[in-house]
Amino acid sequence: SRTARARAAQTVRIPMQAQQTDSLNAATAAALLLYEAVRQRAAGL
């Protein structure tokens, strides 16, 4: 919601290749973010 985005300290965007879905549930979004964080840390980014 707009209110949640306005109150958030930081927001992220997860780009999606397939336009078949408009959104991800919270668990899926969290899993993707954690995967990417671990991937970047392992690569030394």
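All of the numbers you see were taken from the coordinates with simple rules; none came from a lab. As the structure is a prediction and not an experimental result, all values here were calculated from the model. With ideal geometry, Cβ positions are generated from the backbone for all residues, glycine too; neighbour counts draw on all protein chains shown.
See the values below:
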| item | result |
| --- | --- |
| Simple spin-label estimate for Val12 and Leu32 in nanometres, 7 Å along Cα-Cβ | 1.0 |
| Helix 26-43 axis, angle to the chain major axis (alpha carbon atoms, nearest 10°) | 30 |
| For the chain: rounded, prolate or oblate by the Cα gyration tensor [a/c cutoff 1.5] | oblate |
